Structures are given as C-alpha cells and as structure tokens.
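A short write-up of the structure that comes next.
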Amino acid sequence: MNDQIQKSFDFAVAEFASIGVDVNKALEQLDKLPISLHCWQADDVTGFENVEGSLTGGIQATGNYPGKARSIEELRADIDKAMELIPGDHRVNIHAFYGDFGGEVVDRDQIEIKHFQSWIDWAKEKNYKLDFNATCFSHDKSSDGHTLSHPDPAIRAFWVEHVIRCRKIAEEMGRQLGSKCMHNIWIPDGSKDVTVNRLQYRQNLKDSLDKIFEYKTNDEYMKDCIESKVFGIGLENFTVGSHEFYMGYGIKNNIPITLDAGHFHPTEIISDKISSLLLFTSEIMLHVTRSIRWDSDHVVILNEELVAIAQEIVRADAIDKVHVGLDYFDASINRIGAYVVGVRATQKALLQALLEPIVTLRQYEANGQNFERMALLEEVKSMPWGAVYNYYCAKKGVIVGEAYIADIQQYEKDVTSKR
Ligand code: RNT
Ligand code: ZN
C-alpha cells in the first residue's frame with residue numbers, strides 16, 4: 001500500500017469516527033455489494049445473432065467511436081478489462097441475443113441453455129455472477145411496435161415462447177453459478193401515434209405475462225423482474241408497459257419491478273420510489289442510467305440523483321433487496337472507459353451513503369432539530385470519502401484514482417484501435 005493512500009485513509013477513519021461513523025464497517029458492506037455490468041455497452045446493443053439488422057424498439061445508441069466489440073471474444077475481453085479496473089466482485093448482465101450461436105442463425109423461440117454455456121463457463125472462470133434479459137426488440141417480429149401485446153396471437157405466442165426459454169436459461173445460470181440470476185423483462189411495445197386500443201394491448205400483455213409465469217422457476221436460482229417505460233423513439237404516443245401497468249402486475253403477482261432511471265418523466269426521480277415499492281414487493285431491480293432530456297442512456301456519473309438512489313437503498317436497510325444494475329450505451333466515447341466511470345461512480349455513491357452519520361441524523365430529525373440535520377448533511381458532503389474509496393481500490397489491487405485513464409488509453413492503443 002502506497003504510504004500516501006494509507007495516511008489519507010487513516011486521517012479519513014479518524015474524521016468519520018468523530019461523527020460516529022465506522023469506516024471499516026462501511027467498506028465491508030461496500031465489498032458485498034455487486035454491481036451488474038450490462039454487456040451491451042461494449043457493442044452498442046448489437047448482439048451476436050448472425051443476422052443483418054439494426055437496433056430497434058425505441059432505443060438508440062448514438063456515436064461511432066472506433067473499437068466496438070465485434071465478437072463474443074472481443075466483448076468478453078473488454079468486460080474483463082473493465083473489471084480489472086473496478087474493485088470488488090461483480091456481475092455481468094447478458095441479453096438473449098448475445099448467445100454463443102457458433103455461426104448459426106438461431107431464432108429467439110429456439111434458444112437454449114447450450115447457447116449460453118460458454119458465458120457461464122467464462123463467468124465461473126473469472127468469478128463473475130450472471131444476470132439475464134429476454135430480447136424482445138431488434139427482430140422482424142417486433143418491427144411493427146408490438147411483441148407480447150401483439151394483436152396477432154401467433155406473434156404473441158412466439159414472444160411468450162422466447163421469454164419462457166429465457167427464464168429457463170436464467171434459472172440454469174443461477175444454478176450453475178450458485179447465485180440468483182435476475183431475469184429482466186422489458187418490451188418496447190407501443191405506438192407512435194394515437195391508438196384507440198390501449199385497453200386491448202394491455203390486456204394482451206397481461207395475458208402473455210400470465211402464460212409466461214405459468215412456468216414456475218426456482219427462486220433460489222432466478223428471479224424475474226419487469227421494467228416499465230414512459231416512451232420510446234418512434235413510439236411517443238403510447239407505451240403498453242407503463243409504470244402503472246407493471247406496478248399493478250408486479251404487486252399482484254409478487255414480481256419485482258425494475259426501476260430504470262431514464263424511464264420516467266424528465267423531473268421524476270427513481271430514488272423516491274424505492275421506499276414505497278419495498279413495502280409491496282420483496283425486491284427491486286435498478287437500471288442505473290443517466291438520462292439527459294430523454295431516455296438518452298448517458299454514462300452514469302456521480303450526480304445528485306445517483307447519490308440519492310444509494311442513500312435510499314442504505315437508509316431503507318435494503319442492501320439485500322435492491323439489485324443494482326447499470327443500463328447505458330454511449331457509442332461516442334471509449335466504451336471500456338464508459339464502464340469504468342459508471343461503475344466507479346455507482347460505488348462512490350454507495351460508499352457515501354454507507355458513510356452517513358445516520359444515527360445522529362435520525363436523532364436530529366426525531367427532535368425536530370431541522371437546522372442541525374441540514375447542516376450535518378451539508379458537512380458530510382465534503383468529508384474525505386474519496387480517500388476511503390482510494391484505499392478500497394488499493395486494497396483490492398486496483399489502480400487508484402485517475403491513473404486508470406492511462407491504462408484504458410493503453411488498452412485502446414493495443415487492442416480496440418486495431419479493430
Ligand atoms: C430500454 C430498457 C432496457 C434496455 C436493455 C438493452 O429502454 O432500458 O432495459 O436498455 O434491455
Ligand atoms: Zn433499462
């Protein structure tokens with residue numbers, strides 16, 4: 001351990017102790033908090049299906065920075081590189097269209113565990129855990145804006161089959177890796193312009209979900225979660241899977257809700273939803289992202305809402321109930337750098353939340369000492385939590401501070417720039 005890092009850490013421990021906070025305890029908790037890295041940042045949500053096609057479903061990756069991953073091997077190498085620069089043990093979130101199809105064209109209603117075995121083997125070797133997602137977009141059967149809510153029962157059945165297969169794959173991932181795999185269901189369904197059939201589409205989606213969940217999975221190995229949205233590009237007028245829809249469905253059927261930070265109205269925040277939802281569903285999945293003006297999926301940075309999300313998880317004593325996953329796809333900058341910045345920012349937010357003098361703050365609040373509460377909250381913002389994070393990186397054998405920039409530049413020079 002570098003002397004400077006140790007000294008700064010010792011100073012920080014004393015500073016936090018003076019406000020009643022145990023730094024080592026906070027670090028122990030942080031170390032048990034996995035973050036799920038979304039595989040789709042490395043290749044701009046393209047997937048490896050061996051069919052010509054583009055990203056559809058109302059989402060868009062903008063930019064054409066060189067070096068995107070073009071194969072499973074490249075994508076895994078990029079994730080390995082990012083993981084090298086992130087302290088702690090983490091998860092990788094795979095989408096169904098990233099299967100290892102060995103040059104074959106395998107349609108979505110035909111995928112099996114064998115197409116994901118190499119992902120599981122890789123994860124085992126690297127000590128990652130896996131999460132999974134059905135892929136209900138970028139497909140000719142989703143091109144008219146509907147999948148599970150489609151008016152045609154045959155198309156609905158196709159997507160029902162896909163999602164059931166995904167649930168089985170997720171279950172097997174969790175079983176083999178000994179860690180519950182979160183399986184997320186997000187569909188793009190909606191319409192660009194006025195529809196006079198809102199109820200019908202939602203009824204269709206409800207029926208499809210009922211069929212999907214008829215297959216019972218083992219809770220120990222996998223858990224489904226359902227993700228709402230306010231609107232997509234080209235689907236501005238109506239989204240079938242709205243927040244009310246999934247909140248109703250999830251609470252009634254005890255299925256966790258996925259809160260994506262970019263899926264609400266521009267000034268609506270997900271941090272405030274955590275403590276409400278937790279009273280009605282056992283768990284929550286988060287898609288941490290940064291939306292600018294719309295669901296733009298910018299790289300997560302250490303902003304106020306990220307800190308608020310972390311604070312709400314910790315203040316609600318919900319570290320074991322809230323699954324933190326990232327969801328952004330910025331194609332305009334170095335993609336490995338995008339991973340590292342996003343995960344480090346998320347960890348810093350969690351660390352700040354874990355270092356809160358919560359006992360004193362709650363005492364102040366109980367006594368009606370609102371000035372004191374505000375002042376202490378202000379003071380903790382500039383407490384030396386950065387020194388604690390640097391120490392955590394060093395202890396985990398991970399590059400400390402901005403020195404990782406040069407490391408990513410080197411990887412770009414040696415690897416991604418040659419693609
Ligand atoms: C889309 C949703 C969804 C996707 C991924 C690729 O708006 O956020 O989670 O980003 O499934
Ligand atoms: Zn999302």
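The values are calculated or read from the model by the stated rules, or taken from the named source; none is laboratory data. Since this is a predicted model, take the numbers as computed values, not measurements. Don't worry about glycine lacking a Cβ; one is built from the backbone with ideal geometry, like all the others, and counts go over all protein chains shown. To get the accessible areas, we keep the full protein, side chains included, count just its heavy atoms, and leave off ligands, DNA and RNA. Shrake-Rupley method; radii C 1.70, N 1.55, O 1.52, S 1.80 Å.
Overview of results
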| read-out | value |
| --- | --- |
| Degrees between helix 117-126 axis and first principal axis of the chain (Cα, 0 to 90, nearest 10) | 10 degrees |
| Loop-resident sites, region 257-337, for GluC sites (Glu not before Pro), counting at most 16 other Cβ within 10 Å (DSSP) | E268 |
| Coil-residue trypsin sites (Lys or Arg not before Pro) of region 1-64, DSSP, other Cβ within 10 Å capped at 16 | K32 |
| For region 41-191: relative contact order, % (alpha-carbon pairs under 8 angstrom, 6 or more apart) | 27 percent |
| The chain, relative contact order [Cα under 8 Å, separation at least 6], % | 21 percent |
| Calculated FRET value between K395 and I358, using beta carbons and R₀ = 25 Å, to 0.05 | 0.55 |
| Simple label model, 7 Å out from Cα along Cβ direction - A403 to E28, nm | 2.9 nm |
| Accessible carbon and sulfur surface of the chain relative to its total accessible area, %, 1.4 Å | 50 percent |
| Angle between the chain longest axis and helix 403-414 axis [Cα atoms, degrees, rounded to 10] | 40 degrees |
| Using alpha-carbon coordinates, inclination of helix 243-253 to the longest axis of the chain, degrees | 90 degrees |
| Label-point separation in nm, V51 to K216, each point 7 Å along Cα→Cβ | 3.4 nm |
| Residues of region 110-218: accessible area per residue with a 1.4 Å probe, Å² | 43 Å² |
| Filtered GluC sites (Glu not before Pro), region 315-402: DSSP coil and at most 14 other beta carbons within 10 Å | E402 |
| Dipole magnitude of the chain, debye to nearest 20 (Cβ charges: Lys/Arg +1, Asp/Glu -1, about Cα centre) | 260 debye |
